[in-house]
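Reviewing the structure listed below.
The values are calculated or read from the model by the stated rules, or taken from the named source; none is laboratory data. For clarity, every value in this text was computed on a predicted model and none was experimentally measured. Glycine also receives a Cβ, built like all others from the backbone with ideal geometry; neighbour counts cover every protein chain displayed. Heads up: the accessible areas ignore ligands, DNA and RNA and are worked out on the full protein's heavy atoms, side chains in. Shrake-Rupley method; radii C 1.70, N 1.55, O 1.52, S 1.80 Å.
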Amino acid sequence: MAAALQATPLKTLAISRRRVGVAGVRQRPMVASFRCSAAARSYNITLLPGDGIGPEVVAVAKDVLSLAGALEGVELRFQEKLVGGSALDATGVPLPDETLDAAKGSDAILLGAIGGYKWDNNEKHLKPETGLLQLRAGLGVFANLRPAAVLPQLVDASTLKKEVAEGVDIMVVRELTGGIYFGKPRGFGTNDKGEDIGFNTEVYSASEIDRIARVAFEVARKRRGKLCSVDKANVLEASMLWRKRVTALASEFPDIELSHMYVDNAAMQLVRNPKQFDTIVTNNIFGDILSDEASMITGSIGMLPSASVGESGPGLFEPIHGSAPDIAGQDKANPLATILSAAMLLRYGLGEENAAKRIEAAVTATLNHGFRTGDIYSPGTTLVGCKQMGEEVLKTVESLKEVAAVN
């Protein structure tokens, strides 16, 4: 896993520009710069456990973060806040002002999961998921980075044939704050026949497309130099503009091999021949769908982390799995995606490379030792629960020697 994630060292992106104020006081970095380590290596982390299995996996990840940081000379100070369904129950809103203010004032945010059956019938503004959308908008994070790499230890867990899944290593760069999820007009009405209708708007500006495309080109530059832009330009005007802007921007990145693919074909190719992809960039709704599809190639969404970043301010780091209310509180959740999200937080949020490597190496070693939660279990391995998996990772984090040389 360490190798897969380290294939995209975003803190060295060419578009990054670190800003230093009077007397060297650190200010917020530009997009995708992700803080570099400073002399005072102390950071404030906001934890948002959320709903379902969120509190379980965040508790495990917090312990791993603390230990890995301490072993690498990093002090992490944590504060925990409510979001989603838990916030609805306690405060009546899915994102309390207190939570957003705390998140904005921190160096990075680690989120567990949001949602559950209990709130499914709530009005839209009172759904847990609305809190997540408000959080992303409030933080100004527009680029969602979703790695999907098939680990050698788990290749047999993939639903695809081994020869298809083996060696897959994809990064999906999803635009996060525009498109049909946010476009206006939206709502309900009636048509000229008097029938009820619901409508949404897929809309992107040139600047929104350019900024996500730049991030994707830079990600591809740090990986294998291939970028596939996914759209529906044969039908949708918003996609026609998307393709035009991405194509124009390619002239600034002559070392990157750019291709375009319609989203329906991309969905098919991901299961037919996923190794053809390196980095994928796409809009909000297509990225939502394709990143979940790509994640299942790996065998379990319980293994995959993500990062969401913006032009300034802290990043949001979270596992891609949902709240899984059916197994909440039963010690069955896989905490590895959240632990690996914590590693992304250290690398891309704080610039603490060695601590991130230590966590990733510990996850790989724990898997090599044969420990598995139920979602990735296979005969011949050791079935463990959420807490024990965390304990095994902690043991390995502590036992690892100097990791600076780990690649």
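Details
- The stretch 241-279 - residue that is hydroxyl-bearing (S, T, Y) and more than 24 Å from S295 (Cβ to Cβ) and, of those, surrounded by the most Cβ atoms within 10 Å (Cβ to Cβ): T247
- Strands (runs of 3 or more DSSP E) fully within the stretch 253-327 counting 1 or more residues that are within 12 Å of the chain's Cα centre (by Cα): 305-310, 315-319
- Residues that are farther than 17 Å from I301 by Cβ and part of a helix (DSSP H, G or I) within the stretch 365-377 comprise A365, T366, N368, listed in sequence order.
- Unique residue being open to solvent by 20 Å² or more (accessible area, probe 1.4 Å), under 23 Å from the mean Cα position of the chain (by Cα) and at pLDDT below 95 when the list is R77, R28: R28
- Boolean, N265 is in contact with a helix residue (DSSP H, G or I) (Cβ under 8 Å, 6 or more places away or on another chain) and polar (S, T, N, Q): no
- Residues satisfying the stated conditions in the stretch 95-124, i.e. open to solvent by less than 70 Å² (accessible area, probe 1.4 Å) and either part of a strand (DSSP E or B) or under 20 Å from V57 (Cα atoms) (or both): T99, A103, A108, I109, L110, L111, G112, A113, I114, G115, G116
- In this entry, E392 is excluded by the filter for residues that are closer than 29 Å to G85 by Cα, modelled with pLDDT of 95 or more, outside any loop (DSSP other than H, G, I, E, B) and open to solvent by less than 30 Å² (accessible area, probe 1.4 Å).
- Selection from the stretch 365-378 of residues that are modelled with pLDDT of 95 or more and of a type in the set (F, W, Y): F371
- Test: K127 is out of contact with any strand residue (DSSP E or B) (no Cβ under 8 Å at 6 or more places or on another chain), in contact (Cβ under 8 Å) with a residue 24 or more places away in the chain, open to solvent by 10 Å² or more (accessible area, probe 1.4 Å) and over 28 Å from M389 (Cβ atoms): yes
- Looking at L304, L316, just one residue is under 17 Å from A149 (Cβ atoms), out of contact with any Cys (no Cβ under 8 Å at 6 or more places or on another chain) and aliphatic (A, V, I, L, M), and that residue is L304.
- Test for L340: is it in contact with a Ser or Thr (Cβ under 8 Å, 6 or more places away or on another chain) and open to solvent by less than 10 Å² (accessible area, probe 1.4 Å): no
- Condition met for G194 (open to solvent by 30 Å² or more (accessible area, probe 1.4 Å) and out of contact with any Pro (no Cβ under 8 Å at 6 or more places or on another chain)): yes
- Residue that is modelled with pLDDT of 95 or more, outside any loop (DSSP other than H, G, I, E, B) and buried (at least 24 other Cβ atoms within 10 Å of the Cβ), where the choices are A356, A333, A362: A362
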